[in-house]
1. Could you check the spin-label model distance between TYR76 and ILE56? Points 7 Å from the Cα along Cα→Cβ, value in nm.
2. What is the sum of charges, Lys and Arg at +1 and Asp and Glu at -1, for the other residues whose Cβ falls under 12 Å from the Cβ of ARG41?
3. Return the long-range amide H neighbours of VAL75 (sequence gap of 5 or more, or a different chain), with a cut-off of under 5 Å between placed amide H atoms.
4. Using label points projected 7 Å from each Cα along Cα→Cβ, tell me how many nm separate HIS90 and ALA69, to one decimal.
5. Quick check: from the Cα gyration tensor, does the range 1-75 come out rounded (a/c under 1.5), prolate or oblate?
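What follows is calculated from the coordinates using simple rules that are stated; it is not laboratory data. Just so we're clear, the structure is a prediction, and the values are computed from it rather than from any experiment. When we count neighbours, we look across all protein chains shown, and the Cβ atoms used for this are built from the backbone with ideal geometry, even at glycine.
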Amino acid sequence: VIFGTGGMSHQLQGPRAGLINRTFDTNFLDKFTTDPQSLVRLPHVDYVREAGSEGIEMVMWLIMRGALADDAKEVYRFYHVPASNTAVGHLIIENPGLPQRRIAATEENTSRPDVDAHEEVVNHVVAQ
């Protein structure tokens with residue numbers, strides 16, 4: 001399991017406080033699996049201009065994308081702007097280019113029922 005964290009478009013201070021750019025965010029999510037290199041080439045100043053001063057956090061998503069295979073596929077997407085006025089995006093991505101592995105039962109994790117429960121949840125979500 002690979003996680004990338006960081007918000008999407010938002011600005012919390014200054015004249016542009018409250019900025020949310022749904023179009024930019026959606027475009028970013030669209031290209032995240034299909035054309036990540038175009039997002040890598042986008043200058044950081046463009047992220048700030050389009051997504052707000054805190055929107056530069058989107059670069060953290062790209063660091064996570066670098067850990068995925070080139071043929072990674074989007075399975076599920078969620079996008080929301082809560083009352084905090086910070087755009088939030090979530091993606092579940094299949095990584096077919098890398099071998100999948102099951103957590104081996106070891107003395108460390110056999111006493112942890114959450115290991116199997118978590119894997120069941122992930123498999124259920126991906127299968128849908």
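1. The answer from the label model is 3.3 nm.
2. Values: positive: LYS31; negative: ASP35, ASP46.
Once positives and negatives cancel, what remains is -1.
3. Correct list: ILE92, ILE93, GLU94.
4. Those two pseudo-labels are separated by 2.5 nm.
5. Since a/c reaches 1.5 and a/b is larger than b/c, the shape of the range 1-75 is classed as prolate.
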